[in-house]
Amino acid sequence: MPKIKHKPEVMHLVVVVAVAIFIALASVFIYNTTSSINKGVNQYSDRLASQKSNFVKNTISYEVKLLVNFSACLANYKTIPSGIIVKDIAALEKSITTAEAIFIADENGDVISSKNVSMNVSHREYFRNGIKGKVCVSKPLYSEPDGKMVNFISVPIYGDYKRIIGIVVGVYEEHIFSDMLDMSFSGGEKDSNGYILNNNGEVIMHGNYVLGDDVPQFDSFFSSELLGDVSETDIATVRDNFMKLGSSGIIKTTYNNERYVIIYDGFSEIDDLHYLVIAKDDVVSAQTNSFISKSIIMYIFFIVVLLLVIVAYILIVRLTFKRLKSANERISRIAYVDSLTGYSTWDKFVLDAKKLLQYDYRRYALVSFDIDKFKAINDMYGHDEGNRVLKLIADTVNRNIENTETFSRINSDNYYILMLYHDDSQISERIRNLIQAIEYEITEFVPVLSFGVYRILDSNVSIRRMGDLADIAKRTVKYGDDSAYAFYTESMLESMREEKRIENEMQNALDMHEFCVFYQPKVSLDGNVNLTGAEALVRWIKDGNVISPGKFIPLFERNRFIVKLDFYIMDQVCIKIKQWQKYYKDLLISVNMSRVHLKDPQFAEKLYSICASHNVSPSNIEIEITESAAYESLETLVNVFRELKEYGFNISIDDFGSGYSSLNMLKDLPADVLKIDRAFLAETDSNKRANDILGHVIRMASSLGMHTICEGIETDEQAKLLGGLGCEMAQGFYFAKPMPSDSFEEILKGNSKTINIPKEALREDT
Ligand code: C2E
Ligand code: MG
Ligand code: MG
């Protein structure tokens with residue numbers, strides 16, 4: 001049984017896409033990390049430097065802002081109003097803890113301070129710059145009043161009409177700024193020199209740290225010996241950057257075989273100032289190396305996590321696949337494997353058939369077959385045995401088909417085979433061989449199989465339809481015959497249509513009395529050929545043509561119209577019995593009743609009421625019910641027989657020996673007559689054993705208190721044989737064919753020569 005694929009390509013695609021995404025992410029990460037590492041040295045140290053620089057810049061800017069705010073208080077004055085502002089200066093000095101002192105210099109440079117110091121600062125550079133409108137941070141200068149080295153920060157005072165009327169100056173002890181300029185790359189002790197430079201590279205302030213004895217001190221950065229190793233172009237670039245507000249950069253240099261890193265960062269608010277830091281390269285590199293190591297560790301960690309995720313994903317996908325696969329296998333087993341036979345179900349059959357037919361469908365035929373009256377096998381031999389038979393048949397079919405063929409038990413006892421063939425005779429031969437093989441396997445009884453063959457000539461016909469057409473052919477094989485087969489022809493479809501027509505006409509035919517009763521005489525074989533009665537047999541007279549019951553009764557049994565028809569015939573028979581009783585008082589007419597009635601619990605009562613309505617005694621009627629009725633339910637049949645007997649009807653088991661009947665069932669059935677099917681006679685001509693069996697059946701029936709009648713007697717030999725075997729009665733063309741009621745009436749009157757058998761012949765021993 002081929003396994004069903006679950007399109008793992010889709011899942012594989014998902015994995016591939018997932019891996020691709022991971023690889024892409026990893027690549028982006030690797031690329032970024034690599035370039036980060038490349039830039040790392042610069043960026044990391046730059047970042048450290050700019051953090052420091054921001055701290056320095058913010059401190060200075062904060063001071064500048066305080067001074068500017070103070071200067072704004074004098075915005076409306078023409079000149080500095082010396083008398084008023086002294087106390088304001090004192091207040092400001094108190095609030096600004098960083099500044100040592102605050103003073104104002106008017107446009108002439110004369111100082112106004114809280115301590116009333118009389119001084120002129122017009123010669124100072126910070127005054128000259130301030131009075132020009134510039135914010136100025138001075139180099140450390142000697143403070144005249146208290147003799148300390150201090151830095152001055154000056155901002156202009158804009159009076160009325162935006163005219164500069166003086167400057168506000170903050171005085172800061174040198175250490176306040178120098179203490180904060182040096183920095184530490186390692187995050188611990190200071191390890192670098194910090195500077196504040198103006199645009200020309202001149203040192204305005206510097207930190208206290210000494211990088212090394214051999215690091216040259218400089219007043220102007222651009223003339224420092226440190227830059228001896230740096231190219232002119234690089235120095236020019238730094239100069240250019242110094243002229244731009246807030247620009248930053250890094251340069252590296254070697255001095256006395258020692259590598260140095262110089263990082264600069266411009267103030268963004270004060271255009272003339274730059275923070276610069278100089279450190280040994282290995283100090284910076286140690287930090288950047290640790291940054292790189294951290295990055296590498298992070299990268300490896302990321303890759304490991306990535307790999308773990310991929311592995312976990314693959315494992316999950318595989319596990320899911322496995323589960324899915326086994327779940328699907330379970331489902332497909334249910335959907336595609338017939339639990340009883342272990343072979344294909346209908347769904348699987350359709351699937352496989354489609355595959356096989358897609359190349360050369362003309363080489364195939366769809367063969368349908370079933371077991372006649374399989375239900376009877378189940379009932380008589382039990383369901384386990386029935387199932388065993390179904391499995392045996394499937395096994396046998398399986399052994400008898402090729403790899404390029406397929407088959408299925410599509411339901412119950414119905415099988416389809418998609419069979420390869422060259423010509424019809426080959427199919428016939430294969431079917432015969434299959435029947436033989438099945439009969440060989442099943443030893444308990446001889447299964448009767450019906451086959452229908454649909455030759456596939458059109459690829460557009462669905463498998464279901466092909467099966468239906470093969471079934472139609474199968475149904476044309478008459479039940480009760482030996483195993484046989486039929487090829488589907490268009491005319492079969494025509495006969496199906498014919499059935500439809502019959503269905504449309506049946507009710508009208510009943511109303512119009514188109515159904516009439518023929519009577520076939522029964523005779524005794526006990527030495528005299530005496531008329532013992534007759535069997536009522538329905539005929540449909542349509543447009544002057546006589547249609548025999550074989551054409552419509554199976555259909556009427558299927559559509560249950562037989563119920564109406566049988567009661568109608570019963571009614572007609574009662575009418576006749578009433579009429580004929582004046583010629584033949586104890587006339588016994590047998591009437592066939594379909595097994596369909598058995599499901600009706602009021603069946604016996606209804607029959608009785610028909611008789612009663614004509615004032616006919618049930619003792620003049622024999623009810624014939626075929627032995628196959630027992631296949632449905634022996635118990636029901638026994639009950640119905642009992643009821644019929646209670647009403648006084650005679651009962652006959654019709655067609656005994658035509659099916660799977662067993663002598664065993666006879667003992668349970670309270671029947672009066674056993675009507676032996678003519679199928680028995682067919683064998684007796686040449687077969688001694690068949691004669692013995694027939695004799696045995698007759699004796700057995702007698703011993704059970706049943707009368708015996710054999711139907712279908714066509715020859716003198718058959719009549720003699722049965723007489724010799726002790727059969728009491730006979731019915732057949734040899735004596736008389738079924739005839740219209742008028743003709744039968746003539747016999748009853750004794751006017752007819754129809755039953756004219758040499759009585760002596762029957763008495764002879766065979
Ligand atoms: P059956 O009840 O077994 O009736 C005997 C059949 O054998 C009749 O066929 C009869 O014509 C035929 N027959 C009698 N003698 C011979 C013979 O020597 N040679 C051959 N070859 N055939 C012979 P018929 O009338 O065609 O009826 C066929 C079956 O239709 C009957 O079989 C019976 O089962 C059924 N049937 C007939 N009339 C009725 C009816 O009114 N109601 C029901 N339910 N079934 C009926
Ligand atoms: Mg009959
Ligand atoms: Mg019969």
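The values are calculated or read from the model by the stated rules, or taken from the named source; none is laboratory data. Since the structure is predicted, the reported quantities are computational estimates derived from the model, not experimental observations. Cβ placement follows ideal geometry from the backbone for every residue including glycine, while neighbour counts extend to all protein chains displayed. Accessible surface areas use protein heavy atoms only, side chains included; no ligands, DNA or RNA. Shrake-Rupley method; radii C 1.70, N 1.55, O 1.52, S 1.80 Å.
Look through ARG678, ARG689, ARG699 and report the one residue that is among the charged types (D, E, K, R) and in contact with a Cys (Cβ under 8 Å, 6 or more places away or on another chain). Full working, then the answer.
Working: ARG689 fails: in contact with a Cys (Cβ under 8 Å, 6 or more places away or on another chain); ARG699 fails: in contact with a Cys (Cβ under 8 Å, 6 or more places away or on another chain).
Only one candidate qualifies: ARG678.
What do you reckon, is ILE417 free of Cβ contacts under 8 Å to residues at least 60 places away in the same chain and either assigned to a helix (DSSP H, G or I) or open to solvent by less than 30 Å² (accessible area, probe 1.4 Å) (or both)? Let's see the steps before the verdict.
Details: free of Cβ contacts under 8 Å to residues at least 60 places away in the same chain: yes; either assigned to a helix (DSSP H, G or I) or open to solvent by less than 30 Å² (accessible area, probe 1.4 Å) (or both): yes.
So ILE417 passes the test.
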Identify all residues within the stretch 678-691 that are free of Cβ contacts under 8 Å to residues at least 40 places away in the same chain and either open to solvent by 20 Å² or more (accessible area, probe 1.4 Å) or under 60 Å from the mean Cα position of the chain (by Cα) (or both); write none if there are none. PHE680, ALA682, GLU683, ASP685, SER686, ASN687, LYS688, ARG689, ASN691
Which ones in the stretch 332-369 are basic (Lys, Arg) and free of Cβ contacts under 8 Å to residues at least 40 places away in the same chain? ARG333, LYS355
Among the residues of the stretch 219-234, which ones are open to solvent by less than 20 Å² (accessible area, probe 1.4 Å) and either under 22 Å from LYS57 (Cα atoms) or of a type in the set (A, V, I, L, M, F, W, C) (or both)? PHE221, LEU226, LEU227, VAL230
Show the residue pairs that are 6+ apart or on different chains and have beta-carbon atoms under 9 Å apart, the first residue being within the stretch 713-725 and more than 16 Å from ASN530 (Cα to Cα) and within 16 Å of ligand 3 (Cβ to nearest atom), the second being open to solvent by 50 Å² or more (accessible area, probe 1.4 Å) and not polar (S, T, N, Q). GLU714/ARG678; GLU714/PHE733; GLU714/TYR734; GLN718/ARG678; GLN718/ASP685; GLN718/TYR734
Tell me which residues, restricted to the stretch 620-652, are open to solvent by less than 70 Å² (accessible area, probe 1.4 Å), at pLDDT 95 or above and in contact with a strand residue (DSSP E or B) (Cβ under 7 Å, 6 or more places away or on another chain). ASN620, ILE621, GLU622, ILE623, GLU624, ILE625, PHE641, LEU644, PHE649, ASN650, ILE651, SER652
Do the conditions hold for ILE709, that is, is it of a type in the set (A, V, I, L, M), modelled with pLDDT of 90 or more and within 15 Å of ligand 3 (Cβ to nearest atom)? yes
What single numbered condition from (1) at negative phi; (2) within 14 Å of ligand 1 (Cβ to nearest atom); (3) open to solvent by less than 60 Å² (accessible area, probe 1.4 Å); (4) within 60 Å of the chain's Cα centre (by Cα) fails to hold for GLN718? (4)
Take the conditions part of a helix (DSSP H, G or I), farther than 15 Å from VAL168 by Cβ and either among the hydroxyl-bearing types (Ser, Thr, Tyr) or under 60 Å from the mean Cα position of the chain (by Cα) (or both) and apply them to SER53. Does it pass? yes
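Answer yes or no as to whether ILE438 is more than 28 Å from GLU632 (Cα to Cα) and surrounded by 20 or more Cβ atoms within 10 Å (Cβ to Cβ).
Values: more than 28 Å from GLU632 (Cα to Cα): no; surrounded by 20 or more Cβ atoms within 10 Å (Cβ to Cβ): yes.
No, not satisfied.
Hey, does the stretch 596-606 have a residue that's among the charged types (D, E, K, R), without any contact (Cβ under 8 Å) to a residue 60 or more places away in the chain, open to solvent by 10 Å² or more (accessible area, probe 1.4 Å) and more than 30 Å from GLY659 (Cα to Cα)?
So the first thing to find is which residues in the stretch 596-606 are among the charged types (D, E, K, R), and the list is 599-600, 605-606.
Those left that are additionally without any contact (Cβ under 8 Å) to a residue 60 or more places away in the chain: 599-600, 605-606.
If we keep only those that are open to solvent by 10 Å² or more (accessible area, probe 1.4 Å) too, we end up with 599-600, 605-606.
Subset that is more than 30 Å from GLY659 (Cα to Cα): none.
No.
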Residues of the stretch 555-564 being surrounded by fewer than 16 Cβ atoms within 10 Å (Cβ to Cβ) and either more than 56 Å from the chain's Cα centre (by Cα) or touching a residue at least 40 places away in the same chain (Cβ under 8 Å) (or both), in sequence order, are ASN559, LYS564
For the stretch 238-251, check the following and say yes or no: at least one residue is touching a residue at least 12 places away in the same chain (Cβ under 8 Å), among the basic types (Lys, Arg) and farther than 21 Å from ASN129 by Cβ. no
Report yes if some residue within the stretch 354-377 is polar (S, T, N, Q), open to solvent by 40 Å² or more (accessible area, probe 1.4 Å), within 23 Å of VAL477 (Cβ to Cβ) and at pLDDT 95 or above; otherwise report no. no
Residue among ASP384, ASP395, ASP379 that is within 29 Å of LEU357 (Cβ to Cβ), part of a helix (DSSP H, G or I) and acidic (Asp, Glu): ASP395
Identify the residue in the stretch 692-715 that is under 21 Å from ILE623 (Cα atoms) and of a type in the set (S, T, N, Q) and, among all such residues, is surrounded by the fewest Cβ atoms within 10 Å (Cβ to Cβ). SER702
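Could you look through the stretch 621-637, keep only residues that are among the aliphatic types (A, V, I, L, M) and assigned to a helix (DSSP H, G or I), and pick out the one that is farthest from ILE377 (Cα to Cα)? Spell out the reasoning first.
So in the stretch 621-637, the residues among the aliphatic types (A, V, I, L, M) come out as 621, 623, 625, 629-630, 634, 637.
Keeping just the survivors that are assigned to a helix (DSSP H, G or I) gives 629-630, 634, 637.
Working: ALA629: 13, ALA630: 11, LEU634: 12, LEU637: 16 Å.
Restricting to residues being among the aliphatic types (A, V, I, L, M) and assigned to a helix (DSSP H, G or I), the top hit is LEU637.
Can you find a residue in the stretch 653-660 that is within 16 Å of ligand 2 (Cβ to nearest atom), β-branched (Val, Ile, Thr), within 30 Å of GLU557 (Cα to Cα) and under 57 Å from the mean Cα position of the chain (by Cα)? Spell out how you get there, then give the answer.
Step one: of the stretch 653-660, the residues within 16 Å of ligand 2 (Cβ to nearest atom) are 653-659.
Within this subset, residues satisfying the condition of being β-branched (Val, Ile, Thr) are 653.
Within this subset, residues satisfying the condition of being within 30 Å of GLU557 (Cα to Cα) are 653.
From what is left, the residues that are under 57 Å from the mean Cα position of the chain (by Cα) are 653.
Yes - at least one qualifying residue is present in the stretch 653-660.
Sort out for me the strands (runs of 3 or more DSSP E) sitting completely within the stretch 442-536 that have 2 or more residues that are within 16 Å of ligand 3 (Cβ to nearest atom) and either open to solvent by less than 60 Å² (accessible area, probe 1.4 Å) or modelled with pLDDT under 95 (or both).
Working: elements: 449-455, 484-487, 515-524.
Hits in the stretch 442-536: 515-524.
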(1) surrounded by 14 or more Cβ atoms within 10 Å (Cβ to Cβ); (2) of a type outside the set (Lys, Arg); (3) over 30 Å from VAL135 (Cβ atoms) all hold for ILE278 apart from (3)
Taking the options VAL573, VAL591, name whichever one is under 27 Å from LYS375 (Cβ atoms), within 14 Å of ligand 2 (Cβ to nearest atom) and in contact (Cβ under 8 Å) with a residue 40 or more places away in the chain. VAL591
Considering only residues that are β-branched (Val, Ile, Thr), modelled with pLDDT of 95 or more and buried (at least 17 other Cβ atoms within 10 Å of the Cβ), which ones fall in the stretch 537-552? VAL538
If I ask for residues that are within 11 Å of ligand 1 (Cβ to nearest atom) and open to solvent by less than 20 Å² (accessible area, probe 1.4 Å), which ones from the stretch 565-595 would you list? LEU565, ASP566, ILE569, MET570, VAL573, SER590, VAL591, MET593, SER594
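Just to confirm my filter: which strands (runs of 3 or more DSSP E) fall fully inside the stretch 92-165 and include at least 1 residues that are open to solvent by less than 90 Å² (accessible area, probe 1.4 Å) and closer than 27 Å to ASP219 by Cβ? Let's see the steps before the verdict.
Working: elements: 101-106, 111-113, 149-158.
The strands (runs of 3 or more DSSP E) meeting that bar are 101-106, 149-158.
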